[in-house]
Amino acid sequence: MIEHTAIDYAITLDEKDPLRSFRDEFVLPDENTIYLDGNSLGMLPRLCADRLHETIHHEWGNRLIRSWNESWIDLPRRLGAKIAHLIGAGEDEVLVCDATSINLFKLIVAALRLKPGRKTILSDVLNFPSDLYILQGAMDLLGQGHRIELIPSLDGISIAQDDLDARITEDTAVVCLSQVAFKSAYLYDMEAVTRRAHAAGAYVLWDLSHSAGILPINLSACQADMAVGCTYKYLNGGPGAPAYMYVRQDLQEQLIPPLWGWFGTEKQFEFALNYTPASGMQRFQVGTPPILSMAALEPALDLLLKAGIDPIRQKSVQQTSYLIELADRWLAPSGFSLGSPRQAERRGSHVSLRHPEAYRICRALIEASPPEVIVLPDFRAPDNIRLGIAPLYTRFIDIHAAMQRIREIVSKNEYLKYSAHRQQVT
Ligand SMILES: Cc1ncc(COP(=O)(O)O)c(C=O)c1O
């Protein structure tokens with residue numbers, strides 16, 4: 001039996017890892033750098049660079065305007081169909097377009113209009129604040145007396161399902177939640193929440209930004225109404241890559257998007273003077289899609305589809321559990337506490353470790369110079385070091401080295417050398 005804190009244990013786990021060859025599909029940072037922020041910006045798949053080269057030089061440089069008919073015009077739907085396989089939706093239920101924030105705005109306005117008698121949007125205090133801003137802006141614009149109710153969290157990590165259940169009432173129009181919380185990684189039971197909301201006649205709108213590509217999602221089986229999500233995190237689409245949106249098929253014709261643009265009309269090149277929404281998901285498109293960013297996303301999605309979500313989830317659970325085990329042994333004695341659920345079934349693929357000096361510890365991890373190992377996590381106020389596990393490229397030895405490095409920074413007081421002044425992006 002190898003002691004779990006021994007490096008040999010991590011090496012053995014990597015040797016047994018069925019996904020280990022996928023790491024070679026990515027452009028790797030310097031050997032000395034450990035990347036634990038794939039939950040914020042996924043690493044660059046090698047094929048994305050090739051695809052971009054092809055799109056720029058051949059499709060744009062040579063084929064020019066002809067490329068719209070040859071391949072570009074269908075990209076939002078073609079990419080949507082690939083994402084559909086990752087989130088358990090029909091191929092004609094998902095569209096890639098705009099940013100997550102914009103897609104959330106389009107859907108919440110359309111959904112609220114379909115429930116005119118109901119005035120409450122139910123969300124929670126763990127939700128990504130920008131999602132809450134979008135909801136607030138939509139309510140302000142509609143001016144129909146809507147309100148947001150936020151489910152509290154007793155421990156700052158999780159939400160009690162029975163509390164949520166009790167707050168869904170006849171006045172609830174939409175339950176709008178992140179399936180995995182951005183800070184703590186708390187994971188909702190999508191099926192249970194959706195069932196409860198439907199029983200009360202409310203819609204559910206999921207933000208899948210921190211769950212898609214990392215755990216099995218079955219929107220169709222849950223009969224989920226609507227969803228949005230980012231593609232630059234676990235889907236590895238690149239900085240600012242366009243987002244996606246899902247609408248259950250039978251709802252698509254009922255929802256009227258609030259942004260009426262020519263890409264959302266049926267016969268856009270007839271240039272009619274009045275707007276008529278296209279049928280299906282196309283009505284949610286607004287303006288010209290960012291083709292270069294979309295092109296980069298396709299090979300990244302193909303990699304995830306090739307690996308398969310079940311093995312990815314299996315490895316993710318194994319790795320986050322391993323990280324927590326090392327944190328318990330090595331870091332808890334020096335003031336760290338776990339900011340994520342202990343129960344793997346209720347946890348996404350990142351782990352937050354809380355410490356009063358979390359920001360300076362993060363700076364020490366990031367700004368180290370060789371021969372020290374450089375670790376790239378991120379910081380989420382007030383005191384979370386967020387460590388993201390992306391099973392396609394994270395190794396067990398990376399987790400071991402990162403945890404050892406955190407222990408060293410704290411035991412030698414190295415973080416005291418760093419400024420507590422927060423950078424613009426943390
Ligand atoms: C859960 C969640 N929702 C929404 C967003 C916002 O996405 P965008 O900036 O693409 O609109 C983010 C960004 O990180 C996020 O983490």
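Whole number in Å², please: accessible area per residue of the chain, 1.4 Å probe, ligands, DNA and RNA not counted.
On the way: 18090 Å² over 426 residues.
I get 42 Å² per residue for this part.
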Problem - Reachable lysines from Lys16, criterion Cα separation under 21 angstrom, eight or more residues apart if same chain - result: Lys306, Lys315
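Over the Cα atoms of segment 139-278, what is the Rg over Rh ratio if Rh follows Kirkwood? Walk me through the intermediate numbers first.
Details: Rg = 17.3 Å, Rh = 17.2 Å.
Rounded to two decimals, Rg over Rh is 1.01.
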Handout entry: Debye intensity ratio I(q)/I(0), log10, segment 340-426, q values 0.10, 0.11, 0.16, 0.27 Å⁻¹ (C-alpha model)
Key = -0.25, -0.30, -0.64, -1.51
Exercise for the section: Under 17 Å Cα to Cα from Lys115, which lysines show up? Leave out anything in the same chain fewer than 8 places away. Expected result: Lys106
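If eta is 0.692 mPa s and T is 37 °C, what Stokes-Einstein diffusion coefficient results for segment 216-267, Kirkwood Rh from Cα pairs, in µm²/s?
Values: Rh = 13.2 Å.
Result for D is 248 µm²/s.
Let me know the whole percent of all Cα-Cα pairs from segment 4-90 that are separated by more than 22 Å.
For segment 4-90, the fraction of Cα-Cα distances above 22 Å is 53 percent.
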Exercise for the section: With only Lys, Arg, Asp and Glu charged, each at its Cβ (+1 for the first two, -1 for the last two), find how big the charge dipole of segment 1-99 is about the Cα centre; round to the nearest 20 debye. Expected result: 460
Practice task
Evaluate the relative contact order of the chain (contact order divided by residue number), counting alpha-carbon pairs under 8 angstrom at least 6 apart; express in whole percent.
Solution key: 22
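Around Glu408, under 15 Å between beta carbons, what's the net of Lys plus Arg minus Asp minus Glu among the other residues?
+3
Pairs of alpha-carbon atoms within less than 8 angstrom and 6+ residues apart define the contacts here; what relative contact order does segment 1-111 have, in percent? Kindly include the intermediate steps, with their values, before the conclusion.
Details: 51 pairs, mean separation 13.5, N = 111.
Here the relative contact order equals 12 percent.
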Completion exercise
Note: Gln223 to Leu273 extended length (0.36 nm per residue) minus current alpha-carbon separation gives 14.3 nm
Completion exercise
Per the rule of 0.36 nm per residue minus the C-alpha distance, extending Ser321 to Asn413 adds in nm 30.4 nm
Fill in the blank from the handout: With every protein chain in place, the accessible area of Glu367 for a 1.4 Å probe, in Å² rounded to the nearest 10, comes to 90
Handout entry: For segment 233-240, 3J(HN,Hα) per residue [Karplus equation, 6.51 cos²θ - 1.76 cosθ + 1.60, θ = phi - 60°, Hz, x = Gly/Pro]
Key = 8, 5, 8, 6, x, x, x, x
Exercise for the section: Whole number please: convex hull volume per residue, Cα atoms of segment 1-148, in Å³. Expected result: 225
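Which FRET efficiency, nearest 0.05, do Glu191 and Ile397 yield, Cβ-Cβ r, R0 51 Å?
With a Förster radius of 51 Å, E is 0.90.
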Exercise for the section: Within segment 116-140, find all residues whose amide N lies under 19 Å from a label point positioned 7 Å from the Cα of Ile148 along Cα-to-beta-carbon. Expected result: 118-140
Practice task
Ignoring everything but the protein chains, give the 1.4 Å probe accessible area of Asp250 in square angstrom, nearest 10.
Solution key: 90
Completion exercise
Distance in nm between Glu54 and Ser337 label points, each 7 Å along Cα→Cβ, equals 5.2
Problem - Once the Cα gyration tensor of segment 60-137 is diagonalised, semi-axes √(5λ) in Å - result: 33, 15, 13
Practice task
Give me the distance between the Cα centres of segment 152-170 and segment 359-426, rounded to whole Å.
Solution key: 32
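If Ile389, Ile134 are ordered by their accessible area, calculated over protein heavy atoms with a 1.4 Å probe, which sequence runs from highest to lowest?
Numbers: Ile389 0, Ile134 35 Å².
Reading off the accessible areas and sorting them downward yields Ile134, Ile389.
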Completion exercise
Log entry: pair-distance distribution for segment 233-318, C-alpha pairs binned every 5 Å from zero, whole % per bin is 3, 12, 17, 15, 16, 16, 10, 6, 3, 1, 1, 0
Exercise for the section: Report the accessible area of Leu376, computed with a 1.4 Å probe over the heavy atoms of all protein chains in place, in Å² rounded to the nearest 10. Expected result: 50
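Report, in deg cm²/dmol and to the nearest 500, the calculated mean residue ellipticity at 222 nm for the chain, where each DSSP H run with n ≥ 4 adds -39500 (n - 2.57) and the sum is divided by the residue count. Could you put the intermediate results ahead of the total?
Details: 14 runs with 151 residues, N = 426.
Result for the chain: -10500 deg cm²/dmol, rounded to the nearest 500.
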Practice task
Once you've got the GNM for the chain with C-alpha springs shorter than 10 Å, pick whichever of Ser123, Ser411, Ser101 has the biggest mean-square fluctuation.
Solution key: Ser411
Fill in the blank from the handout: Measuring from its Cα centre, the chain shows a charge dipole (+1 at each Lys and Arg Cβ, -1 at each Asp and Glu Cβ) which, in debye to the nearest 20, is 540
Exercise for the section: Treating the Cα atoms of the chain as identical point scatterers in vacuum, please give the log10 of the normalised Debye intensity I(q)/I(0) at q = 0.06, 0.07, 0.14 Å⁻¹, two decimals. Expected result: -0.26, -0.35, -1.29
Problem - Furthest towards positive pole of dipole, Met226, Tyr418, Thr5, structure part the chain, Cβ charges - result: Tyr418
Fill in the blank from the handout: Quick calc of log₁₀ I(q)/I(0), segment 181-255, Debye, one scatterer on every Cα, no solvent, q values 0.12 1/Å, result -0.36
Practice task
Subtracting the Cα-Cα distance from 0.36 nm times the residue separation, let me have the gained length for Glu266 to Glu31 in nm, one decimal.
Solution key: 79.5 nm
Problem - Over segment 282-426: Rg over Rh, Cα atoms, Kirkwood Rh - result: 1.05
Handout entry: 15 Å cut-off, amide nitrogen to a point 7 angstrom out along Gln136 Cα→Cβ, residues in segment 347-391
Key = none
Fill in the blank from the handout: Sequence order, segment 203-217: Karplus ³J(HN,Hα) from phi using 6.51 cos²θ - 1.76 cosθ + 1.60, θ = phi - 60°, Hz rounded, Gly and Pro as x, gives 8, 10, 10, 9, 9, 9, 3, 9, 10, 5, x, 10, 8, x, 10
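The values are calculated or read from the model by the stated rules, or taken from the named source; none is laboratory data. Because the structure is predicted, anything quoted here is derived from the model rather than measured. Using ideal geometry, Cβ is built from the backbone for each residue, glycine included, and neighbour counts are taken over all protein chains shown. Heavy atoms of the whole protein, side chains included, go into the accessibility calculation; ligands, DNA and RNA do not. Shrake-Rupley method; radii C 1.70, N 1.55, O 1.52, S 1.80 Å.
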